[in-house]
Each structure stands twice: as structure tokens, then as C-alpha cells.
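The structure appears below as C-alpha cells.
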Amino acid sequence: MLHDEARKKIEGLLGEIKFEGHFNIVFDRLSLNRQKQLIEWLRECKDGKVASISSDRITGLLAFILKFRQTNFRAVLTKKKNEYFIALFLGKHKYYENEKRRLGI
Amino acid sequence: MREFEKMISVERLKEAKRYLVPYILSENYYGILKKKLAERPLSANEKYYYSHFIRKKLLGMIELFGFDEMIDGKVFIRKDRLRKAAYLLRRYSRIHKGMKILVSGSFLYSNDYNDIDIFIISKYDKEDYRDGKVHINYLPIDVEKTLFFSSIRSISISNFDALFSNPKKIEINDLLHSYEVVVLLMLQKDDYLQELRYLILNLEYLSSSVILNSMQLKAGTDKIMSSKNPVKVISKYLSAKIIGAYSRKELQIALKRFICKNLKPESKASENWKVYNNAYKEALEIVA
């Protein structure tokens, strides 16, 4: 699956969200299994089956974290508590660290 | 190699002549080396001898005595790995000319290792890459001031002498964030080694001003990861370490703020929030 198709699929699942980090590049570099894993994880986040972390910097902000084993790719999905999804970050470890700091998680 | 040549003067070579000729260098080779060090032009023949024989002998001596590199924590480094690490350092120093390069990680001290970590300090934001078993990690220029760098430096071979500077203060918020991520990953059954290393390194420095080397850090993480209940162990460990590391007031404010943010979970998947707040409440009770 290419990133354009994935973006549509994800927005169909979570509603309109921002795609942050290096979404296109990283998504295209994921294996098909990992791409499926990401979509499945997003579905579980939507269904309330995945644990989140709350920000101490931004009120009501929740973050879900996914690590892809044997790679340094990370996904961070943010959500306004009890409301809507905000953004999906996909990037390498070093950018993810900066993103975590920015979000206060 | 060029640096090594700078370390020898013609005078020093003359003094060492009786130990070198004829055991290591022939009279002819000795003359060529002397000429080279005196920066006199060499003939084509002499250049050939210099690059194909004399230089290689010097290279052998560099390897033998290991004085071309900065070695930290030599007692922990396996002899067979020291030689290979020195070779890799020279190889990558040639590829990345003029850059600060450091070989570190379990490759240096452990019988079993997954990859060979080479760190390159660069002012440019470059992508890490793999070259067979070698993993090239680019680090930002200000990394030398961090705990992470001090830790990897403590057992390493490098082409530069790093200046030790006191790491900046570890903020309680950053520490609690790290703890929350580690617990989340543990409960998700994700890989959490990297995050756990960072947390332990910070907690140990905070509580006892000790910067663990990569071997000690590995021992610490292995202990927690192999325990029956890593979540419980890391939570107790956090409570024990943060008490006394900050002022009572600072700790109380931060812990109460974190407890407050974790009070009302959104979904049923919130086991982690309970774990966090139990640990924070335990620490609060002790400092109260």
C-alpha cells in the first residue's frame, strides 16, 4: 500500500487528522505486514483497546505509542480526551523523542 | 596514521635507532623514515618503500600499542575486540574525515553482540545507516554534554578526547514521562530496552551522581527485564530513587500534578494509569 491510499484509509477510520513526522517516507518503507499492523493498531486505538499516556503540558491530550520491532520507526497517535483524534506522527526514534517532548508525554 | 607521524621527531628517531635497526627497520628503511620525518623529498623508489613497508610497520606498532586512539574503560574491553574496534575506527575516520568518531556498545565487552555501534558527532542532521554488522549512529554536536554520551564514552575507543562536563539538571517531569512510557511499553509487551536504559541512567545519576557505563547499564536492564514483574520492579525503583533527589516541595507539586492528570482515564484500557498513580502516591506518602 502506498502512503496516499493509507492516508485515505486512516482518515476513513479516525476522521480528519494531521499526518506528522515523515509519514509518507516511513509508511512507504514499512513492510506490508507492518503497514497492516499500523492500521490494525489505529483501529484498536479507536475502539478504546489501547492504553494511552496523558500529557502534563497540554490539557486533555492523550497519546498512543507504537514501536515497530527491529526498526527505529515509531508511531504516536494523539487525541483530545473523550473527543476527536488530532494527529498521527510517524518517524524515526530521534524525531519521536522531540515529538514526545513537544507533547509533554 | 598522519597523527602518529606527527608524534615522532627526527631526534626521537635517532635516539631509538639502536632499538630499531636492524630488528624492526633495516638501515635503508631507517634512512627513508628519517628523511620523511624531516620533510625532505623522497625518490619514487623511497616513496614505494615508505608506503608499502615502512608505513605498514608503523601501522603494526600503532595496533600493537594502541596509542593512536583514545581508549576508555580498557579493562572491560576484550582484547580481540580492541584490535577490530581500532581498525573500524581508522576505517570510518577515513570515510568521515575530520569527524569525531567513537566505537562503543556490547561489541567491546560482551561475548555475544548484535551489532557494532559506531557514533559520529555531526553538526548536520544525518540519517543513521547500517554497513553490514556496523550501525552508524549520528549524534548532534551538543551530545557531549549529555548523560547518554558520558555513559557510552565510559567504555569506548574514539579518535578524540572528549571534555567532561556536568550533565544538565534532570527535570522531574522528564523523568516521570520516561517512566510512564517504559511502563506503557512493558504492558503493551513492546520492546522497551532503549527507554529503560535511559530511565535507569537518569535515576542512578540523580540519586547517587553515578554515570553507569554501558556494561553496568546492561546489567541493570537485564535484571529488571528478567524479573517476574518488571512493572512492579521499575515502579518501586522509581519511588525509591526520586525521594531525596528533589526538594520535598518540588516533588510534591510534580507528583500531585501527575496524579491529577492520570485520575480519569478515557477507556477501560487504563491499567497503566493505575500503576503510575500507585507509584506516585507511594512516593508522596514517604515524602509527606
Problem - Gaussian network model of chain B, Cα within-10 Å springs - most flexible of B:195, B:271, B:204 - result: B:271
Handout entry: Cross-link pairs A:79/B:241; A:67/B:126; B:36/B:57; A:80/B:249; B:189/B:232 - those with Cα-Cα distance over 23 Å
Key = A:79/B:241; A:80/B:249
Handout entry: Charge dipole (debye, nearest 20) of chain A; +1 at Cβ of Lys and Arg, -1 at Cβ of Asp and Glu
Key = 300
Exercise for the section: Set Lys and Arg Cβ to +1 and Asp and Glu Cβ to -1, take the dipole of region A:3-50 about its Cα centre, and tell me which of A:50, A:21, A:10 lies farthest positive. Expected result: A:50
Fill in the blank from the handout: Residues of region B:24-41 with backbone N under 19 Å of the label point set 7 Å from the Cα of residue B:14 along Cα→Cβ are B:27-41
Completion exercise
At the level of C-alpha centres, the distance separating region A:5-56 and region B:167-233, in angstrom, is 27
Problem - Principal axis box of region B:68-111, alpha-carbon based, largest edge first, Å - result: 30, 17, 16
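Going by a ≥ b ≥ c, the root eigenvalues of the Cα gyration tensor, does chain A fall in the rounded group (a/c under 1.5), the prolate group (a/b larger than b/c) or the oblate group? List each step's numbers first, then the result.
Details: a/c = 1.70, a/b = 1.25, b/c = 1.36.
Because a/c hits 1.5 or more and a/b fails to exceed b/c, chain A counts as oblate.
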Completion exercise
In vacuo Debye sum over C-alpha of region B:70-158, base-10 log of normalised intensity I(q)/I(0) at q = 0.22 Å⁻¹, listed in q order, is -1.14
Completion exercise
In whole percent, the Cα-Cα distances of chain B spread across 5 Å bins from 0 upward as 1, 5, 10, 12, 12, 12, 10, 9, 8, 5, 4, 3, 3, 3, 2, 1, 0
Handout entry: Using θ = phi - 60° and Karplus 6.51 cos²θ - 1.76 cosθ + 1.60, couplings along region B:211-226 (whole Hz; Gly, Pro as x)
Key = 9, 5, 7, 4, 6, 5, 5, 5, 4, x, 5, 4, 4, 5, 5, 8
Fill in the blank from the handout: Here FRET efficiency (C-beta to C-beta, residue A:1 to residue A:57, R₀ 41 Å, nearest 0.05) is 0.75
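First check a/c for region B:172-287, with a ≥ b ≥ c the square roots of the eigenvalues of its C-alpha gyration tensor; if it is under 1.5, answer rounded, and if not, answer prolate when a/b is larger than b/c or oblate otherwise. It would help to have the intermediate numbers written out before the result.
Numbers: a/c = 2.07, a/b = 1.13, b/c = 1.83.
Cα axes put region B:172-287 in the oblate bin.
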Problem - region A:88-105 residues near the modelled residue A:24 label - backbone nitrogen below 19 Å, point 7 Å along Cα→Cβ - result: A:88-92
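Let me check against my output: what whole-number percent is the relative contact order of chain B, with C-alpha pairs under 8 Å and at least 6 apart?
Working: 322 pairs, mean separation 34.9, N = 288.
It comes to 12 percent, rounded to a whole number.
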Fill in the blank from the handout: Per DSSP loop assignment and a cutoff of at most 13 other beta carbons within 10 Å, chain B keeps its longest run without exposed trypsin sites (Lys or Arg not before Pro) at B:1-96
Fill in the blank from the handout: Counting only DSSP beta bridges fully inside chain B, the antiparallel percentage to nearest 5 is 70
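How much of the DSSP beta bridge set in region B:71-148 is antiparallel, as a percent to the nearest 5? Working shown, then result.
Working: 8 of 14 bridges.
Approximately 55 percent, going by the DSSP bridge assignments.
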Exercise for the section: Compute the distance in nm between two label points, each set 7 Å from the Cα along the Cα-to-Cβ direction, one at residue B:171 and one at residue B:286. Expected result: 2.4
Problem - Simple spin-label estimate for residue B:45 and residue B:209 in nanometres, 7 Å along Cα-Cβ - result: 6.6
Exercise for the section: Could you give log10 I(q)/I(0) at q = 0.06, 0.09, 0.11, 0.14 Å⁻¹ for the protein assembly as shown, computed by the Debye formula over C-alpha point scatterers of equal weight, without solvent? Expected result: -0.34, -0.66, -0.88, -1.26
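Using 0.36 nm per residue, how much length does the chain from residue B:142 to residue B:274 gain when fully extended, once their Cα-Cα distance is taken away? Before the final figure, lay out each step's value.
Numbers: separation 132, 0.36 × 132 = 47.52 nm, distance 3.71 nm.
Extra length from residue B:142 to residue B:274 when fully extended: 43.8 nm.
Any read-out appearing in this document is the output of simple, stated calculations on the displayed coordinates, not a laboratory observation. Here the structure is a predicted model, which means the values were calculated and not measured. So basically every Cβ, Gly included, is an ideal-geometry build from the backbone, and we count neighbours across all protein chains shown.
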